[in-house]
Amino acid sequence: MSFFRGKKSIALLLVLFFATFSSYADDLSTFEKAELKRLLELDLDDLAEQPVQGVLGYDQEYWRNPASVHVVRPEDITNHGFANSVEALRAVPGMHVSRGLSYDNFAAMRNFSGFSPQKFLGKIGGREVSQLMLGSANYSVDDYPVAVIDRIEIVRGPGSSIWGTNAVNGVINLVTKHSSDTQGDSVRFLLQDNGTFMGDYVHGGQVSESSYYRVWFRNQEYAEGTLDSGLPARDDGHLRKAGFRYDTELGSDLSFYIAGGGATRRLEHTLDLSNRLLYDLSSLSLAEQAGIKLALGLPSSTILGPVPLTIAQSLPIGQPPLTSYNPVTWATLSNGQIPYLLGLNTTRFEKYGDLTNDSGHVVAKLEGITDSDLEWSITGAVEHTEISLGHIGFDWDQTQYDLGFDANRPLGDFHRLSFGMGIRRTELEVSSTVIEPFAFSSLLNPSSDPLSPTSYSNSIPVLLYDQEFTHFDRFTAFLQDSISLSDTVEVSIGTKFEENDLAGTGFQPSVRASWLANDSNVLWAGYSKAHRQPSLRERYTTLTPVKVWVPNATLPGGGLWSNFQYAGNESLDREEIDSFEVGWRSRPDEDFLIELSSYYYDTANAVVSASSLTSVNAYEAKDTKAWGGELSIDWDVSGIWNLRGGYSLARGEIEGERNFDFPEQTASLTSRFAYSDNLTLVQSLYYSDDTEIPSDYNPITIPSHIRLDLGIIWEPKDGWEIGLFGRDLLEPYHIETMFPGIDVEPTRVERTFLLSIYKKF
């Protein structure tokens, strides 16, 4: 239905025609000659990979896109045994994917933290996916079976002039297939040696000559992982999903589709803060230890072990580093004014409960082309999400309504105008209950049994939401003009107006240009201004309260432990990012493609975690800068061997101080070698630099690591693939993610082996 798809089909026919009757070539315009020349130089596989819509909002050939673009194909997922599409982003330069609790994969792009919130926009199946509360998306829940995925476009750099607020750092656009392309049956099974299982079933059929449908189902079972301490992670559970799509042609120039789906997820989940509330003082010098003992009035023979953070902060040693995890014991120190239990252990501070996530959505799209070649579409969507964090007594329901109109029209051979508008309403219902996540040994009676923490505890609401805000509205309108100044120079200028209850009112302009230097090289550059709205968690919630000792001579023991409210910051304004990008794309021959891009971001009012426990707010607004670049290579070494590689360098600072919330360097190399007609060998090598994870209590460094995955794929007959994969073969396990602001103990990413069975359409 796409205008450009039609244009390419016509052009391909023209290629065949003019190959025979070349004398008629002089009748073509300059634009048509250039298009014919390009098509003649590309093979059929390249033609299938050309359209990309994530940059300008409509299909444009990848080669001339004025942005840093990476396309993930369905085979990139199946060839490496990935359970979902976000895992395949590990091989995308500029992306950092890490796994945390519950087998969730978090994605970050260009020097921004990958947990929550995310600073890029996710579009899956034509709808924007995000959680207003956390400012992020759960790609494990929103993912589609690989059999229905056409491609995943990763556009690095702001896309706010087209996609709006929160597309500040890039756009991930998952495009699904038309129902007519998924006829018959497809199944996919994945089984890991740890017991994790996933099964997909997709069925497509035809209703009439011009109407098609498909339905799909997924069942995924999660096995229990392991924490960094070696203890069970308590993250086992299941995910069950189903979806449908119906496509019909209402006329030669009018089509309609409706799609929807639902998911239910249940996970046992734990909140464990015991290992993050301690400072290990064993590495201090004898003089420093003597000073601490003197300050606490302790005998010089006393052996110092881990002490609570709140006590350590009051000592003259400043902020000693946390040198090791100690999730089992918590020895406390005190004197006089501070009750203490020197050398005695308390129980582990943890809270277990079910994490539930239920969601459903429906999206419908009507599109057509008028006699004047105006290509238009009307899209409507409704999405409902229910999330419950049973272990901390917090849950929310989110319902989102979207209605949008988009259009583009060629104004000649060298000119295209795009415009549109959209409205969104988000309704939110939040409930919080007061619970007791922490139980302390008796601090009022040190002689009581430390293993029976019943004599003194506080009820602590871990996450509270201001009920005053129940709905949020957003209105957007955009205009973009794309002009071919010549056969070699294309320029796109546009802006998006947005009125947002959370981000205010403003314009987000963008200008991009590409220059075809010669048949093998393209240079491009761009400037964009983008906005990001703070999440509700950042602005209106009370987070992770801290136990603080409050001296009081009138109380037994000389004081008590009190709740310190580490709250969101209602004064946070929207983030405003000025971005500058340049890039080079080269194709010296049809078998080799290299792309180099660089960027510089200057952000005002960037939301960052507060660095001190004594801060009134959990989040602060600061000016940040980020810069870096990416290199990617796609090389068909021979007809049976393909290599794809990438490298990323990312640096940043917050108000002049260097920031490491993103690995400074990442690299990847994937190989696919066809050993025979039905046997393929695959290899993936990933490198991630050290990552400093900010924390409300104490920053944690995730060490660098190299991950090696190997696989073998056997095709016993056409349409069937059986694969055996080994992951993380270089080491038994490594750590990838800590959760800022929540401070649960990280999970291990362990060596695993996986069996895959896939029947394609």
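Taken together, the values in this text are just the output of simple stated rules run on the coordinates, not laboratory data. What you see is a predicted model; the values in this text were computed from it and never measured. With ideal geometry, Cβ positions are generated from the backbone for all residues, glycine too; neighbour counts draw on all protein chains shown.
General remarks:
- Extension gain, T226-E209: 0.36 nm per intervening residue step, less the Cα-Cα distance, totals 0.8 nm.
- The calculated FRET efficiency for T488 paired with A525, based on their beta-carbon distance and R0 = 25 Å, is about 0.95.
- Highest average first, the peptides 153-163, 574-584, 627-637, 526-536 ordered by how many other beta carbon atoms sit within 10 Å of their residues are 153-163, 526-536, 574-584, 627-637.
- Fewest-first sequence of M109, M198, M133, M421 by Cβ atoms within 10 Å of each Cβ: M421, M198, M133, M109
- Among T691, T737, sorting on how many other beta-carbon atoms sit within 10 Å of each Cβ, with the fewest leading, yields T737, T691.
- Label-zone membership for the stretch 223-242, site E386, 7 angstrom Cα→C-beta point, backbone N under 18 Å: 238-242
- Sorted by Cβ neighbour density within 10 Å, fewest at the top, the residues E570, E499: E570, E499
- With 0.36 nm allotted per residue and the present C-alpha distance subtracted, the E657-T701 stretch has 14.1 nm of extension available.
- Between the beta carbons of D501 and S301, assuming R0 = 60 Å, the FRET efficiency works out to 0.45 to the nearest 0.05.
- Length-normalised contact order of the stretch 105-227 in % [C-alpha pairs under 8 Å, at least 6 apart]: 19
- Cα gyration tensor category, rounded, prolate or oblate, for the stretch 113-233 with a/c compared to 1.5: oblate
- Ranked packing of 190-197, 88-95, most packed first, by mean Cβ within 10 Å: 88-95, 190-197
- Virtual spin-label span in nm between L724 and I423, 7 Å along Cα→Cβ: 5.9
- Among the listed pairs K177/K529; K119/K241; K177/K717; K123/K529; K123/K759, those beyond 22 Å (Cα-Cα): K177/K529; K119/K241; K177/K717; K123/K759
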